[in-house]
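In what follows, a single structure is set out as structure tokens and then discussed.
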Amino acid sequence: MILLTGYQIAEKIYSGVNTVIYRGIWQKHNLPVIVKTLKSEYPTLEEITRLRHEYKIRKNLRNIEDIVNCYRIETNQNGVALTLEDFGGLALSKFLTATKINLKQFLEIAVQLVHSLGKIHQNQIIHKDIKPHNIIINPETYRVKITDFSISSRLVRENATPSYPSLLEGTLAYISPEQTGRMNRAVDYRSDFYSLGVTFYEMLTGELPFNAIDPLELVHCHIARIAPSPRSLKPEIPEAISAIVMKLLAKTAEDRYQSADGLRFDLETCLAQLQGSGNISDFSVGNADRAGQLLIPQKLYGRETEVAALLAAFDRISGVEPPQPPLSKLTGVGFFLAKPSKNIQG
């Protein structure tokens, strides 16, 4: 138990790798709070900086009611602590373990989450760690809020670098393909949609899209394997909802939803049909979706001739016969030749 001046700590509610979370009372205002502090008695500069970074991110989002508000940053022995809003909630991961939600409850929670995520993106912030552990739900009112901005970014787009799975930012089971650093693609706000898709998948089926023991295998699954649709696991899930989740889980960001508004429109359509007739009819998802931000596509279109010319020039200089047939399809901004350690950027 920690001793934080001005706060009465009641209980420990979570202990992670680097942080510990407590529930308590801010005595000055007699206000219930959540206290997030560092686990180590002598935290590293990196750990302290990450918590201070989270405080700065949260300060820019104080006007959004759909995220867990941050009151203050306090000095705690050799480190720091954040005091956060306590609205009587618990992590969605714990809630789903104890409670089986129906389709209507799923849609009501999903609509709230998408609305919250849209507000975050409007403030030019990428969350980068959307998962049930970072979603707080009040079990009585079903009000949900997003929390944990420790690795969030204010950048509209950033480049992820290849690294060992244990060193990647984010949670491996929910991480987007481009966030692994192995896609030669920048990370933008649409990365959060993929992680949200994994969360929806788990809420609907009780399972993750990919289950792998080896971390590198899990990275490969996110990049290259197509998950079975939720409907294939549970036939009672309507096709429209299954299609929404699979669109979120698209490997390339251009194939996912491009805005929270478009995603929320489809979810609200499903909810309205369910409330009106008790059924959800099939419809083409994504028709109301429009780009939420101006982003240059990370695909190359109509460059087969130029790519073939580049490959032929490379092979001519290196004295190798040109490959047959020529490359006909390109899926990213850059591509890797079959020859080791040679890389041409498109």
Just for segment 126-151: of the residues that are assigned to a loop (DSSP other than H, G, I, E, B), among the hydrophobic types (A, V, I, L, M, F, W, C) and crowded, with 22+ Cβ neighbours inside 10 Å, which one is nearest to the chain's Cα centre (by Cα)?
-> Ile130
Selected residue (criterion: farthest from Ala91 (Cα to Cα)) from residues of segment 1-12 that are at pLDDT 90 or above and surrounded by 15 or more Cβ atoms within 10 Å (Cβ to Cβ) = Tyr7
Kindly indicate whether any position in segment 209-225 is over 30 Å from Gly278 (Cβ atoms), among the polar types (S, T, N, Q) and out of contact with any Gly (no Cβ under 9 Å at 6 or more places or on another chain).
-> yes
Quick one: what pairs do we get from segment 277-288, first residue surrounded by 10 or more Cβ atoms within 10 Å (Cβ to Cβ), second assigned to a loop (DSSP other than H, G, I, E, B) and at pLDDT 90 or above, C-beta under 7 Å, 6+ apart or different chains?
-> Ile280/Pro238; Gly286/Tyr257
Of all residues in segment 222-243, how many are surrounded by 19 or more Cβ atoms within 10 Å (Cβ to Cβ) and either aromatic (Phe, Trp, Tyr) or over 24 Å from Asn287 (Cα atoms) (or both)?
-> 1
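Scan the strands (runs of 3 or more DSSP E) fully inside segment 14-79 and keep the ones with 2 or more residues being touching a strand residue (DSSP E or B) at 6+ places or on another chain (Cβ under 9 Å) and among the hydroxyl-bearing types (Ser, Thr, Tyr). Spell out how you get there, then give the answer.
Details: elements: 19-26, 31-38, 70-76.
Of the strands (runs of 3 or more DSSP E) lying wholly inside segment 14-79, those with at least 2 residues that are touching a strand residue (DSSP E or B) at 6+ places or on another chain (Cβ under 9 Å) and among the hydroxyl-bearing types (Ser, Thr, Tyr) span 19-26, 70-76.
The values are calculated or read from the model by the stated rules, or taken from the named source; none is laboratory data. All of these numbers come straight from a predicted model, not from anything done at the bench. Note: ideal-geometry Cβ built from the backbone for every residue, glycine included; neighbour counts use all protein chains shown.
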